[in-house]
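S.K.: Sharing a structure with you now.
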Amino acid sequence: MPEAIRSFGTVAYLFDPLCGWCYGASPMLGHLRDTGISIELIPTGLFSGAGARPMDKGFAAYAWSNDQRIARLTGQPFSETYKREVLEASGGLLDSGPATLALTAVSLAEADREFDALKAIQHARYVDGLDITAPASLAGILGKSGFGAAVERIAAAPDDELVAANRIRTDRGRELLASFDAQGVPALLVDGRRGARLLGSAALFGSVDNLLSHLQAA
């Protein structure tokens, strides 16, 4: 078993906060948590750094089409406000770096609430149509959701500890995607009886019972 997996506990969740499919998978992750399964969030930085890009008209149209498919499959809402204020906004960016940094700030202060912070950020983007690529916007979102300690760290210039922790987390996420030959996110890594095993995104878009059976078989 790769050493990086040993610290994950039951399930590691590989994700990106700007991934629409990860937003679609959030209800299923919530169901897993409700069953008492411990989930550790591992951001992959998929849409940050070299993966960031301008939100031009072509990509916006592609994203909206994909979002409608996710909505039909999962029931997760993608509002017209999101379409207008995020996808079609002039000068918009697809850059998950700031949101990933904000989640790392939450993980340092309240690790057991990071999933709640992720859901708040996703809802702010896909339902409320807020810009989650801007630190000030993220600070407002997290502040309203009761993440005061994290807000203090992202509202100002990020300190060295936060930057280093964020780099470590995203580096691990990228390394795990590569080492398990994952085709993208969302994905789950299970530390089961037969060692570490990757569950691809398909397992997150069926029934809860089906996902639990995959976990029990690991």
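The values are calculated or read from the model by the stated rules, or taken from the named source; none is laboratory data. No experiment lies behind these values; they were computed from the predicted model shown. Note that each Cβ is placed from the backbone with ideal geometry, even for glycine, and that neighbours are counted across all protein chains shown. The protein model used for the area step is the full one, side chains on, heavy atoms only, and it has no ligands, DNA or RNA in it. Shrake-Rupley method; radii C 1.70, N 1.55, O 1.52, S 1.80 Å.
S.K.: List the number of the failed condition for Ala155; all other conditions in (1) open to solvent by 60 Å² or more (accessible area, probe 1.4 Å); (2) more than 17 Å from the chain's Cα centre (by Cα); (3) over 26 Å from Ala50 (Cα atoms); (4) without any contact (Cβ under 8 Å) to a residue 40 or more places away in the chain hold.
M.R.: With (1) open to solvent by 60 Å² or more (accessible area, probe 1.4 Å); (2) more than 17 Å from the chain's Cα centre (by Cα); (3) over 26 Å from Ala50 (Cα atoms); (4) without any contact (Cβ under 8 Å) to a residue 40 or more places away in the chain applied to Ala155, the lone miss is (3).
S.K.: Would you mind stating whether Thr170 is part of a loop (DSSP other than H, G, I, E, B) and within 30 Å of Leu199 (Cβ to Cβ)?
M.R.: Considered against the rule, which asks whether it is part of a loop (DSSP other than H, G, I, E, B) and within 30 Å of Leu199 (Cβ to Cβ), Thr170 comes out as no.
Table: residues versus (1) more than 26 Å from Glu152 (Cβ to Cβ); (2) of a type in the set (Lys, Arg); (3) free of Cβ contacts under 8 Å to residues at least 24 places away in the same chain.
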{"residue": "Glu80", "(1), (2), (3)": "yes, no, yes"}
{"residue": "Glu88", "(1), (2), (3)": "yes, no, no"}
{"residue": "Leu94", "(1), (2), (3)": "yes, no, no"}
{"residue": "Leu118", "(1), (2), (3)": "no, no, no"}
{"residue": "Ala134", "(1), (2), (3)": "no, no, no"}
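S.K.: Only residues that are acidic (Asp, Glu) and within 17 Å of Arg53 (Cα to Cα): list them for segment 86-114, please.
M.R.: Glu88, Asp95
S.K.: Find all pairs meeting these conditions: Cβ atoms under 9 angstrom apart; at least six residues apart or on different chains; first residue within segment 207-218 and without any contact (Cβ under 8 Å) to a residue 40 or more places away in the chain; second residue acidic (Asp, Glu) and open to solvent by 40 Å² or more (accessible area, probe 1.4 Å).
M.R.: Going by the 9 Å Cβ cut-off, the qualifying pairs are Ala218/Asp191.
S.K.: Which residue, of Ala25, Ala61, Ala71, Ala102, is closer than 14 Å to Leu188 by Cβ, at pLDDT 95 or above and either part of a helix (DSSP H, G or I) or of a type in the set (D, E, K, R) (or both)?
M.R.: Ala25
S.K.: Anything in segment 189-205 that is hydrophobic (A, V, I, L, M, F, W, C), open to solvent by less than 70 Å² (accessible area, probe 1.4 Å) and more than 24 Å from Ser107 (Cα to Cα)? List them, or say none.
M.R.: Listed by number, the residues that qualify are Ala203, Phe205.
S.K.: Moving on to the next point. Can you give me the number of residues within segment 21-54 that are within 19 Å of Ala111 (Cβ to Cβ) and open to solvent by 30 Å² or more (accessible area, probe 1.4 Å)?
M.R.: Count: 7.
S.K.: Any residue that is assigned to a helix (DSSP H, G or I), farther than 27 Å from Glu80 by Cα, open to solvent by less than 50 Å² (accessible area, probe 1.4 Å) and small (Gly, Ala, Ser) - is there at least one of those in segment 175-188?
M.R.: Taking every residue of segment 175-188 in turn, none turns out to be assigned to a helix (DSSP H, G or I), farther than 27 Å from Glu80 by Cα, open to solvent by less than 50 Å² (accessible area, probe 1.4 Å) and small (Gly, Ala, Ser).
S.K.: Still on this structure: Could you look through segment 158-167, keep only residues that are of a type outside the set (D, E, K, R) and not in a loop (DSSP other than H, G, I, E, B), and pick out the one that is least open to solvent (accessible area, probe 1.4 Å)?
M.R.: Leu162
S.K.: May I pose another question? Has segment 91-111 got at least one residue that is surrounded by fewer than 22 Cβ atoms within 10 Å (Cβ to Cβ), touching a Ser or Thr at 6+ places or on another chain (Cβ under 7 Å) and over 29 Å from Ser65 (Cβ atoms)?
M.R.: no
S.K.: Would segment 120-142 turn up any residue that is open to solvent by 20 Å² or more (accessible area, probe 1.4 Å), over 21 Å from Phe47 (Cα atoms) and part of a helix (DSSP H, G or I)?
M.R.: Within segment 120-142, one or more residues are open to solvent by 20 Å² or more (accessible area, probe 1.4 Å), over 21 Å from Phe47 (Cα atoms) and part of a helix (DSSP H, G or I).
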